[in-house]
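What follows is a set of notes on a single structure, which appears directly below.
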Amino acid sequence: MSEALKLSMIEKGYNLGQPGEVSVLKGANIEIERGEVVALVAPSGAGKSTLLHIAGLLDTPTSGTVTIGGEDVTKLSDRKRTALRRSKVGFIYQFHHLLPEFSALENIVLPQLANGTAHGVARERAMELLTRVGVDHRADHRPAELSGGEQQRVAFCRALANAPEVLLADEPTGNLDPETSDRVFEALMELVRDTGLSALIATHNIALAHRMDRVLRLDGGIIAPVV
Ligand code: ADP
């Protein structure tokens with residue numbers, strides 16, 4: 001059985017061997033099956049962002065292994081990691097991080113061009129994604145001209161632009177007011193379910209967490225299920 005994402009015995013420390021040494025992750029294990037959507041809850045400062053960055057190949061662990069689609073990615077060269085990250089991992093932050101000088105559509109086209117997709121095909125896919133999250137009428141608008149909820153919906157489309165295998169999200173609706181957050185979260189869940197994506201979604205919102213397949217808690221540097 002090859003799971004979509006597997007983190008094995010992940011340890012991560014900062015300033016190791018120096019004054020101010022911090023040990024954040026102390027042997028964290030996570031396995032996510034294909035099509036499974038898993039919530040990650042953690043007290044602030046527990047290392048949730050650190051863990052997501054390691055899973056998303058944006059950071060490397062001090063020890064332990066990361067497997068994506070059955071491939072151990074821990075020891076890949078920087079070039080191969082970047083290519084893999086671009087094609088197999090989608091990342092959503094709390095803040096949209098869209099490029100301000102480009103339109104909503106262009107923000108979804110650009111990662112596809114970087115991944116070698118032809119321009120016409122990339123535009124078509126970007127438009128299709130925008131339509132699915134109900135922001136197609138804002139395709140030509142720049143991020144500053146969009147509402148917070150719309151900006152985040154565009155960021156979801158960008159994360160899915162290259163049809164990744166795994167979606168990682170760090171408080172994806174944490175920046176929005178509660179009502180908008182609920183609607184935008186619903187749009188994200190529909191998108192994830194429709195595409196059969198595997199996802200690890202960090203949230204402080206316990207009600208949202210329990211709408212996912214499974215809830216994990218990160219505390220004391222390790223992972224435990226929440227029942
Ligand atoms: P969370 O997302 O759960 O709030 P983080 O993963 O951002 O937590 O941080 C976990 C801990 O690691 C915090 O105590 C933070 O201060 C520490 N930390 C994060 N990044 C660094 C770094 N680059 N250098 C030193 N300490 C760090």
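Scanning the stretch 42-65 for residues that are of a type outside the set (Gly, Ala, Ser), within 14 Å of residue 170 (Cα to Cα), modelled with pLDDT of 95 or more and more than 9 Å from the ligand (Cβ to nearest atom) yields a single hit, 54.
Cβ-Cβ contacts under 7 Å between residues 6 or more apart (or on different chains), taken from a first residue in the stretch 125-150 that is closer than 16 Å to residue 186 by Cβ to a second residue that is surrounded by fewer than 16 Cβ atoms within 10 Å (Cβ to Cβ) and modelled with pLDDT under 95, are listed as 149/183. Pairs meeting the criteria (first residue in the stretch 29-51 and in contact (Cβ under 8 Å) with a residue 12 or more places away in the chain and closer than 26 Å to residue 14 by Cβ, second residue within 7 Å of the ligand (Cβ to nearest atom) and in a loop (DSSP other than H, G, I, E, B), beta carbons under 6 Å, at least 6 apart or on different chains) are 48/42.
Taking the conditions exactly as written (touching a strand residue (DSSP E or B) at 6+ places or on another chain (Cβ under 7 Å) and either among the charged types (D, E, K, R) or more than 10 Å from the ligand (Cβ to nearest atom) (or both)), does residue 91 satisfy them or not? Against the criterion (touching a strand residue (DSSP E or B) at 6+ places or on another chain (Cβ under 7 Å) and either among the charged types (D, E, K, R) or more than 10 Å from the ligand (Cβ to nearest atom) (or both)), residue 91 qualifies. Restricting attention to the stretch 1-21 and to residues that are at pLDDT 90 or above and within 9 Å of the ligand (Cβ to nearest atom), the residue that is surrounded by the most Cβ atoms within 10 Å (Cβ to Cβ) turns out to be 12.
Going residue by residue through the stretch 70-81, is there one that turns out to be within 16 Å of the ligand (Cβ to nearest atom), farther than 21 Å from residue 208 by Cα and without any contact (Cβ under 8 Å) to a residue 60 or more places away in the chain? Reasoning before the result, please.
Of the stretch 70-81, the ones within 16 Å of the ligand (Cβ to nearest atom) are none.
No, that holds for no residue.
The conditions of being part of a helix (DSSP H, G or I) and not aromatic (Phe, Trp, Tyr) are not met by residue 215.
Which condition from (1) among the acidic types (Asp, Glu); (2) closer than 29 Å to residue 54 by Cβ; (3) in a loop (DSSP other than H, G, I, E, B) is the one that residue 186 breaks? Among (1) among the acidic types (Asp, Glu); (2) closer than 29 Å to residue 54 by Cβ; (3) in a loop (DSSP other than H, G, I, E, B), residue 186 violates only (3).
The values are calculated or read from the model by the stated rules, or taken from the named source; none is laboratory data. This structure is a prediction, so every number in the text was calculated from the model and none was measured. In this analysis, Cβ positions are derived from the backbone assuming ideal geometry, glycine residues included, and neighbour counts consider all displayed protein chains.
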